[in-house]
1. Test of the criteria: in the chain, which trypsin sites (Lys or Arg not before Pro) are in a DSSP loop and have at most 11 other Cβ atoms within 10 angstrom of their Cβ?
2. Would you list which aspartates and glutamates come within 16 Å of K26, measuring only between C-alpha atoms, while excluding same-chain residues fewer than 8 positions from it?
3. Rounding to the nearest 20 debye, state how big the charge dipole of the chain is about its Cα centre with +1 on each Lys and Arg Cβ and -1 on each Asp and Glu Cβ.
4. Counting only other residues whose beta carbon sits under 12 Å from that of E46, what net charge do I get with K and R as +1, D and E as -1?
5. Please report, largest first and rounded to whole Å, the three semi-axes of the ellipsoid equivalent to the chain, where each semi-axis is the square root of five times an eigenvalue of the C-alpha gyration tensor.
6. Could you run the Karplus curve 6.51 cos²θ - 1.76 cosθ + 1.60 with θ = phi - 60° over region 21-28 and give me ³J(HN,Hα) per residue in whole Hz, x for Gly and Pro?
7. E9 versus Y74, label points 7 Å from Cα toward the beta carbon: distance in nm?
8. Could you provide, to the nearest whole Å², the per residue accessible area of the chain with probe 1.4 Å?
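The values are calculated or read from the model by the stated rules, or taken from the named source; none is laboratory data. Note that the structure is a prediction, hence the values are computed from the model and not measured. Cβ sites come from the backbone with ideal geometry, for glycine too, and all protein chains shown count toward neighbours. What goes into the accessible areas is simple: the full protein's heavy atoms, side chains included, and nothing from ligands, DNA or RNA. Shrake-Rupley method; radii C 1.70, N 1.55, O 1.52, S 1.80 Å.
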Amino acid sequence: MVTAIGDREAFARRAESYYDRALRAKLEPEHKGEYLFLDVDTGDYELDADKLAAMHRARAKHPGTLFYILRVGYPA
């Protein structure tokens, strides 16, 4: 579980690294502005223009998971 500030920073670095390496080129051309809920451990994600819809699908697939959330194509 991510609790300490160092843990949160490490979690964010892992997520951003994965996004840059595996998802950015794939998602940004067609999905700019959509919300991404990324399961950092599995690489699975949900994407939607409706933030709540993406969140509900992500939680249904991976209950109890801590997701990294970002808006595609925008700085954090």
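1. Numbers: sites: R8, R13, R14, R21, R24, K26, K32, K51, R57, R59, K61, R71; in loops: K32.
Filter output for the chain: K32.
2. Candidates past the 8-residue exclusion: E16, E34, D44, E46, D48.
3. Numbers: 12 positive and 13 negative charges, 9 e Å.
The calculated dipole for the chain is roughly 40 debye.
4. -1
5. Details: eigenvalues 73, 50, 21 Å².
The answer is 19, 16, 10 Å, longest axis first.
6. So the J values, rounded to whole Hz, are 6, 10, 10, 3, 5, 6, 9, 5.
7. Taking the two extended label points, one gets 2.6 nm.
8. Details: 5060 Å² over 76 residues.
Accessible area per residue: 67 Å².
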